[in-house]
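Report on the following structure.
The values are calculated or read from the model by the stated rules, or taken from the named source; none is laboratory data. Note that the structure is a prediction, hence the values are computed from the model and not measured. Neighbour counts run over all protein chains shown; Cβ positions are idealised from the backbone, glycine included. For the accessible areas, the whole protein counts, side chains as well, though only heavy atoms, and no ligand, DNA or RNA atoms are used. Shrake-Rupley method; radii C 1.70, N 1.55, O 1.52, S 1.80 Å.
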Amino acid sequence: MRSLVRSRRVRRLAAALALACAALPAQAAPAATPVPAPESVLGFVPGEDRRLADWGQVLAYLRALDAASERVSVEELGQTTEGRPFVMATVTSEANHARLEEIRRANARLADPRGLADDEAERLVRSGKAIVAMAYSIHSTEVGGTLAALELLHTLAASQDERVRAMLDAVVLLVIPSHNPDGTELVCRWYRSQLGTPFEGTAPPSLYHPYAGHDNNRDWYMFTLPETRLTVERLYRRWHPQIVHDVHQMGSRGARLFVPPYADPWEPNVDPALTAAVGALGAHVASRLTTQGRSGVVTGALFDAWTPARAYPHTHGGVRLLSETASARLATPIEVKPQELEGRGAEYDPRRASANYPAPWPGGTWRLADVVETQLQASLAVLEHAALNREHWLRTFLAVNRRAVARREPFAFVIPPEQRDPAAVRRLVEVLRTGEVELERARGAFAAGERRYPQGTLVVRMQQPASGFAKTLLERQQYPDLREYAGGPPRRPYDVTAHTLPLLLGVEVETIAAPFAAELAAVDAAPEPIRPLARAPRYALSHSSGDLAALGRLLAKGVTVRWTLEPFEEDGRRLPAGTLLVPGSARHTLEALAAEIGSAPRPVRAEPRGLALRAPRVGLYRSWAPAMDEGWTRFVFEKEMFVGYRSLNDRDVRAGRLAERFDAIVLPDQPPATLRAGYAKGTMPDEYTGGLGEAGAAALRAFVEAGGTLVALDSASGYAIEELGLKVKDALAGVDSRSFYGPGSILAATVDTNAPLGQGLPETLPVWFEDSPAFEVEAGRVIARYGEGDPLLSGWLLGKERLRGRAALVEVPLGRGRVVLIGFRPQYRAQSRVSYAALLNALYLSAARP
């Protein structure tokens, strides 16, 4: 097999170079330099059946390549979530390497063309280099990408073909060989452990990004993960690439490769020149591969370009070319029979030629070598297009950025200084600043629109290069009503339909249409300094996200915190029930927390009736069938809200006696059938099968009846209702999508803020609704419900009348304890801070005592 892979590799590289470089100008080739092939370090040819490289092997080869080639330099950008090196390779000609900083600065001038004269712009375009980035294996079970990256780097470093040299002279290529090294290591180890067993080729029984799993490619505007931030800060913000090739894999039973044009809809703030450019680039890749005789290439189907969570470049002057190659079973070959091929509705038929699928794949054997070869060929075709059309890409980049800095509709967004959650404002500013948005702060009061704003108001003017990114995040989305066919069911978005950060964070942001005059000063990356707290007998914290984060830290330090049960007044200001009181002895700790996480303590003298809080003993259920919501919950607990917890697997729950160990147990969003049964026996090793089962359900019931709090998030509510016999019904269960559909939108619910579980939430609460339940309650207390009007705040919703009066958050007593049903995702992708309190209140109240 190894010799077969090597011979195929030689033939495919020769064909790829002949096609990819045929139209480039020839240059004289110097003497060959010995460059190690990947197999000399890995011990196998990339693509060989049943062979994967761990991250240590990948790093070893990259270091060997860096030492051997003057065309390749490898740098460590930082560390991954689990502390591994996160690396990038820069590939270009030897001459370009000698003047990389000059090339980078020239490209940065095109990225921000304010004050750039036409003649200087023309000179920069004519002399500039196309900047191309390629990122591989962000999803770690898509194992071909990292191997294809190594093959690509070796090809570009080792070839002495003058046409390759011409390509490298026209382009600076930035390669991230694995966007998730932690997952690369995990998947490799799991695959090796299962070789030769019935479970060879299965995905590991844990998230392949430690927190986000597959959602690590949904983080391109919130920047929560180290890998995302490193890429944005060290690649995108430094280099501003015109082209980003995002290399992925997809299912096994359809097309062999997808490249753009994307299916509708596009995010409306993306410049139309980029829509056209990525379509042309994708068509070029499809044409090249089809010319080479590769079948199964589809365009204009499957993947849309709506959400910025998957596409940073589209709002920063460049394009994201997504390629999706069909998968094997990790490194194990598969056989796909012609009758097993599947398409998607009317988008394409995998068995019939069409305009967007001209050469159907007939079926047969598909192996890792095919994945690597397809991804390598697509990458070379991208480079070819960038090199041959270098000036066109730079002119497009310049034109898009010039239109961005000339934007006038709207003129600006403003963020008033008086906000219910100062930490959420800080987070919004952090996101915008990370995404290259310029913010300013008013030095005095000013009038804009129909309102007067005080000193300290934050202003985001649209006359800047990143105006499209700012506008995309700050405005509300109106997703189009797309159907499979006229009068048919809704066409499912590839991801979700809303991304309005002010709603998710609970920050007031206003749109200003017309120009206004104000004295403004630039906001740097540092937050406003925190004033020292005046001495007081105690300090009050609200239920904002920053104050709840402070609560977690305080309880972990053993500080006694009281939860007030009634409103009270302090210096003529009314403070609501649920205000948190911290003793004056914690003043210095509170000052440090205010500076670190944005909490907002205030001195008080009053001491109303309240509950004593202690750190709750929290159990977080962790299914062997990995759930991203569980990972995001861990992220919020560990990185943001500082909630101590213990993970519980099926065996832990089934063992019972939970009330002796926990005050609260959380079931993350997961289908009831998966919670109940998990992996079926025979599909995974026995220790990972079976789910909670009857014993787990009985143990959870005993836990609640003994006084515990069970919190079920979103679809997990159905499990709690069914298994615990609650007198609550999901009114949306079984409803056809033609009559009701909410595929990932922000809706408004009205909250009973007098109930302890509702304290700290706004009376009108934006909730993340994604195929979520809505409750009819026979027994229990409704904490939040949908009103009589249209609940849609941002995104797409069909059948709003089915939500009228239905409950979104319910507390149901059972024995001495209670079940809290949260019919939405209160910690959605670590974005919906406005609703964090819905979850955290249940946890802290579970351990509260008079």
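On the basis of being surrounded by 19 or more Cβ atoms within 10 Å (Cβ to Cβ), touching an Asp or Glu at 6+ places or on another chain (Cβ under 8 Å), not in a loop (DSSP other than H, G, I, E, B) and not hydrophobic (A, V, I, L, M, F, W, C), does residue 696 make the cut?
yes
Show me the strands (runs of 3 or more DSSP E) found entirely inside region 171-289 where at least 2 residues are modelled with pLDDT of 95 or more, open to solvent by less than 30 Å² (accessible area, probe 1.4 Å) and closer than 23 Å to residue 325 by Cβ.
Counting at least 2 such residues, we get 171-176, 243-250.
When only residues in region 595-626 that are assigned to a strand (DSSP E or B) and either within 22 Å of residue 534 (Cα to Cα) or modelled with pLDDT under 95 (or both) count, which is most open to solvent (accessible area, probe 1.4 Å)?
The selected residue is 602.
All but one of (1) surrounded by fewer than 24 Cβ atoms within 10 Å (Cβ to Cβ); (2) of a type outside the set (Phe, Trp, Tyr); (3) at pLDDT 95 or above hold for residue 742; which doesn't?
So residue 742 meets the others, but not (1).
Working only within region 507-524, note down all residues that are in a loop (DSSP other than H, G, I, E, B), of a type outside the set (Asp, Glu) and out of contact with any Lys or Arg (no Cβ under 6 Å at 6 or more places or on another chain).
Listed by number, the residues that qualify are 507, 509, 513, 514, 515, 516, 517, 518.
Could you please find all residues in region 549-594 being part of a loop (DSSP other than H, G, I, E, B), over 15 Å from residue 534 (Cα atoms) and either among the aliphatic types (A, V, I, L, M) or touching a strand residue (DSSP E or B) at 6+ places or on another chain (Cβ under 9 Å) (or both)?
If the condition is that a residue be part of a loop (DSSP other than H, G, I, E, B), over 15 Å from residue 534 (Cα atoms) and either among the aliphatic types (A, V, I, L, M) or touching a strand residue (DSSP E or B) at 6+ places or on another chain (Cβ under 9 Å) (or both), then 559, 560, 565, 566, 567, 576, 577, 578, 579 are the ones that fit.
Residue by residue, here is whether (1) of a type in the set (Asp, Glu); (2) under 26 Å from residue 838 (Cβ atoms); (3) touching a residue at least 40 places away in the same chain (Cβ under 8 Å) holds:
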site: 558; (1), (2), (3): no, no, no
site: 579; (1), (2), (3): no, yes, no
site: 582; (1), (2), (3): no, yes, yes
site: 588; (1), (2), (3): no, no, no
site: 605; (1), (2), (3): no, no, yes
site: 611; (1), (2), (3): no, yes, yes
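Could you list all residues from region 644-667 that are in a loop (DSSP other than H, G, I, E, B) and either within 17 Å of residue 708 (Cα to Cα) or among the basic types (Lys, Arg) (or both)?
Within region 644-667, 644, 645, 655, 656, 657, 661, 662, 663 qualify.
What is the one condition in (1) surrounded by fewer than 23 Cβ atoms within 10 Å (Cβ to Cβ); (2) more than 20 Å from the chain's Cα centre (by Cα) that residue 810 does not satisfy?
The single condition residue 810 does not satisfy is (1).
Looking only at region 70-92, how many residues end up being open to solvent by 10 Å² or more (accessible area, probe 1.4 Å) and closer than 19 Å to residue 35 by Cα?
Counting residues in region 70-92 that are open to solvent by 10 Å² or more (accessible area, probe 1.4 Å) and closer than 19 Å to residue 35 by Cα gives 4.
Which residue out of 788, 763, 801, 778 is within 19 Å of residue 840 (Cα to Cα) and open to solvent by 40 Å² or more (accessible area, probe 1.4 Å)?
Going through 788, 763, 801, 778 in turn, the sole match is 763.
Inspect region 699-707 for any residue being under 30 Å from the mean Cα position of the chain (by Cα), modelled with pLDDT of 95 or more and either over 15 Å from residue 724 (Cβ atoms) or not polar (S, T, N, Q) (or both) and give the result as yes or no.
No, region 699-707 contains no residue that is under 30 Å from the mean Cα position of the chain (by Cα), modelled with pLDDT of 95 or more and either over 15 Å from residue 724 (Cβ atoms) or not polar (S, T, N, Q) (or both).
Taking region 654-693 as the region of interest, how many residues are surrounded by fewer than 19 Cβ atoms within 10 Å (Cβ to Cβ), of a type in the set (A, V, I, L, M, F, W, C) and under 29 Å from the mean Cα position of the chain (by Cα)?
2
Looking at region 722-734, is at least one residue more than 28 Å from residue 787 (Cβ to Cβ), open to solvent by 50 Å² or more (accessible area, probe 1.4 Å) and assigned to a loop (DSSP other than H, G, I, E, B)?
yes
Just to be sure before I move on: is residue 714 at positive phi and open to solvent by less than 10 Å² (accessible area, probe 1.4 Å) in the structure I sent?
So residue 714 passes the test.
Residue-by-condition table, conditions (1) over 30 Å from residue 226 (Cβ atoms); (2) touching a helix residue (DSSP H, G or I) at 6+ places or on another chain (Cβ under 7 Å):
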{"site": "766", "(1), (2)": "no, yes"}
{"site": "776", "(1), (2)": "yes, no"}
{"site": "781", "(1), (2)": "yes, no"}
{"site": "785", "(1), (2)": "yes, no"}
{"site": "809", "(1), (2)": "yes, yes"}
{"site": "822", "(1), (2)": "no, yes"}
{"site": "850", "(1), (2)": "yes, no"}
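With respect to residue 486, determine if the residue is free of Cβ contacts under 8 Å to residues at least 60 places away in the same chain and farther than 28 Å from residue 111 by Cβ.
Here the answer is yes, as residue 486 does meet what is asked.
All but one of (1) at pLDDT below 95; (2) in contact with a strand residue (DSSP E or B) (Cβ under 8 Å, 6 or more places away or on another chain) hold for residue 15; which doesn't?
Looking at each condition in turn, residue 15 falls short on (2).
All but one of (1) surrounded by 24 or more Cβ atoms within 10 Å (Cβ to Cβ); (2) at pLDDT below 95 hold for residue 162; which doesn't?
(1)
What do you reckon, is residue 151 under 34 Å from the mean Cα position of the chain (by Cα), within 25 Å of residue 257 (Cα to Cα), acidic (Asp, Glu) and open to solvent by less than 10 Å² (accessible area, probe 1.4 Å)?
So residue 151 fits the description; yes.
Tally time: how many residues in region 290-314 are of a type outside the set (S, T, N, Q) and within 27 Å of residue 231 (Cβ to Cβ)?
Matching residues across region 290-314 total 12.
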